[in-house]
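To start, the structure under review is shown below, and the notes come after it.
The values are calculated or read from the model by the stated rules, or taken from the named source; none is laboratory data. Bear in mind the structure is a predicted one, so any value in this text is a computation, not a measurement. Quick reminder, even Gly has a Cβ in these numbers, built from the backbone with ideal geometry, and neighbours come from all protein chains shown.
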Amino acid sequence: MAPGEDAEGLPDLRAQLLWPAGGASSALLADLWKELEDVWGELGAQESDRLADAGAVTLEACEALRGRLALWAVRRTEMEADCEALKAEAEAGTAALGGAEVAELEACARLPLHARLSSLKQLKPKLVRNLHQARARLLELLGRDSIEDDGAQPMQCLELSRTVARLRSDLHDRCQSVTLAVQQLRGIWDEMGVPPEEVEEDELTEVFRRCRQDLVVTDAQHKVLLGHVDKWTSEHGRRSEELLVLHGRIRALAQACLPPAGLCSVERFLAANTRLRDLPLCKAREAELHTLARGSLRILHQRHRQACVAIGEIQEDISDGLGDDIVNPDGLRALAVAVEELELQVRLRQGSVGLDLARQARALWEELGEEAEADGRDRVVQSLLCGEAAEPELEARELAEVEQSLAAWEARKATVAAAVVHLHRDLAEFKEAGMQVLARHSSLHRKDRAACKSKIRELREEERRANLKHSGYERLRHLSSQGVDLPEAYLSSLSEMRERQRETFGVRTSDTA
């Protein structure tokens with residue numbers, strides 16, 4: 001076994017510590033050790049003394065070794081701190097670069113400490129170079145000015161990593177913001193019914209092109225895009241408010257100028273047109289309703305004039321807004337209420353007049369003893385007379401029917417009166433008998449007229465019989481004087497007399513005189 005080696009032929013570190021080879025210190029130690037051995041031999045040192053001297057040498061060497069180990073521990077701590085610092089910078093740079101150097105960093109972590117430190121020191125310049133390139137590329141993508149490092153104080157790796165990470169975050173946020181803004185714009189345009197090609201400006205067109213090609217939008221382009229989003233969002237809000245107000249105006253106009261059945265169709269129209277793209281349809285419907293409202297306004301003015309004329313009042317000037325294109329629904333409703341109140345007064349007055357006329361007509365048919373035509377010309381008169389309203393209402397048409405009914409009864413009375421005059425004249429021809437009848441039946445009543453007619457027929461029949469008897473005698477006497485065969489001549493003359501009586505009196509005589 002060679003000196004300084006153990007049984008396996010490996011270096012004996014402890015022997016090397018005790019018997020270092022080479023160098024001035026080793027020679028000095030060898031001389032001192034030989035001098036000590038000489039002293040041991042000269043003085044006859046015991047084994048214990050020799051062991052004590054050897055232990056003193058070993059103890060001194062251990063103390064020196066502990067000092068060296070402490071120095072190496074400090075060195076290890078410093079190297080570990082350097083490795084951790086370099087590792088932190090490398091991890092930050094790798095994260096900022098999106099994990100491009102992860103494999104190399106993991107390989108460094110498996111190396112011994114001194115090799116790890118060396119590898120990390122070699123990796124740092126590469127990371128810094130890549131970070132500079134990434135920063136320049138990101139700044140270019142975002143449309144920002146490039147950053148030049150100060151030569152005296154270059155940007156540290158951690159600060160550079162934070163800058164790149166912030167730029168990558170800005171890029172990510174930019175992509176999300178642009179996507180959201182484009183979706184928001186397209187949603188607004190779709191809801192408003194605006195084709196994108198009609199609103200895209202040159203800068204906005206470039207933004208949309210870059211989005212379609214998955215290109216990054218620069219800061220300036222992003223600012224333009226957000227400006228358009230704000231503008232169209234404001235326009236969306238304005239049109240939404242306009243649509244709500246427009247729906248309210250349409251509903252108000254419909255309530256002012258349409259019947260209840262028409263209100264249902266308007267509500268269905270409003271329910272089906274709630275989107276901003278329906279704004280033109282709603283405006284067109286409002287224009288139609290304004291046209292109807294202007295027609296209603298003109299009709300109300302006509303009704304107002306007619307009502308004022310009917311009641312004999314001075315017409316109030318209500319011509320405000322008559323020539324306007326836009327009709328105020330509240331004013332239209334107020335005018336309608338005022339006209340209806342005025343027309344109510346007219347109907348009440350017409351009802352009062354109609355009731356008086358109806359009573360006059362009733363007095364006429366009662367005077368004539370005739371019945372009214374309940375389903376004919378006297379329908380309105382009958383309804384007035386049978387009604388329970390203290391103040392009945394009548395339309396002008398109904399009042400006209402009442403007037404026509406009264407006029408018809410007056411004409412009927414005049415006709416009956418003329419006929420009664422003839423009856424009375426015929427009765428007066430019969431002297432006393434006729435006067436007796438006139439004394440009892442001189443009115444225009446149907447029963448009196450019937451009694452007069454019956455009496456006239458009776459008196460005429462009596463007169464006819466008397467005339468017939470007298471004429472027969474005279475005829476026989478004449479025929480006898482002429483020498484005519486009496487039976488045959490009598491029958492022939494009798495037939496001639498009957499014909500003359502029919503023509504004269506309009507009655508059929510009996511076969512026997």
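Tell me, yes or no, whether segment 123-135 has at least one residue that is in a helix (DSSP H, G or I) and in contact (Cβ under 8 Å) with a residue 40 or more places away in the chain. Within segment 123-135, not a single residue is in a helix (DSSP H, G or I) and in contact (Cβ under 8 Å) with a residue 40 or more places away in the chain. Per the listing LEU29, LEU17, LEU36, the residue uniquely in contact with a helix residue (DSSP H, G or I) (Cβ under 7 Å, 6 or more places away or on another chain), modelled with pLDDT under 75 and either closer than 30 Å to LYS121 by Cβ or in a helix (DSSP H, G or I) (or both) is LEU17. Of the numbered criteria (1) closer than 26 Å to LEU335 by Cα; (2) surrounded by 16 or more Cβ atoms within 10 Å (Cβ to Cβ), the one PRO260 fails is (2).
Of the residues making up segment 227-242, none is out of contact with any Pro (no Cβ under 7 Å at 6 or more places or on another chain), more than 27 Å from GLU206 (Cα to Cα), part of a helix (DSSP H, G or I) and of a type in the set (A, V, I, L, M, F, W, C).
Put simply, of GLU89, GLU104 the only residue that is assigned to a helix (DSSP H, G or I), over 26 Å from ARG174 (Cα atoms), in contact with a helix residue (DSSP H, G or I) (Cβ under 8 Å, 6 or more places away or on another chain) and touching a residue at least 60 places away in the same chain (Cβ under 8 Å) is GLU89.
For GLU63, all conditions in the list (1) surrounded by fewer than 11 Cβ atoms within 10 Å (Cβ to Cβ); (2) among the acidic types (Asp, Glu); (3) within 60 Å of the chain's Cα centre (by Cα) hold save one; what is the number of the exception? The one condition GLU63 does not meet is (3).
If you check LEU384, LEU438 for being of a type in the set (A, V, I, L, M) and either surrounded by fewer than 19 Cβ atoms within 10 Å (Cβ to Cβ) or without any contact (Cβ under 8 Å) to a residue 12 or more places away in the chain (or both), only one passes: LEU438. Within 30 Å of LEU344 (Cβ to Cβ), exposed (fewer than 15 other Cβ atoms within 10 Å of the Cβ), at pLDDT below 80 and under 60 Å from the mean Cα position of the chain (by Cα): is that true of GLU391 in this structure? Yes. Checked across segment 469-479, the condition of being modelled with pLDDT of 75 or more, surrounded by 13 or more Cβ atoms within 10 Å (Cβ to Cβ) and over 27 Å from ALA372 (Cβ atoms) holds for no residue.
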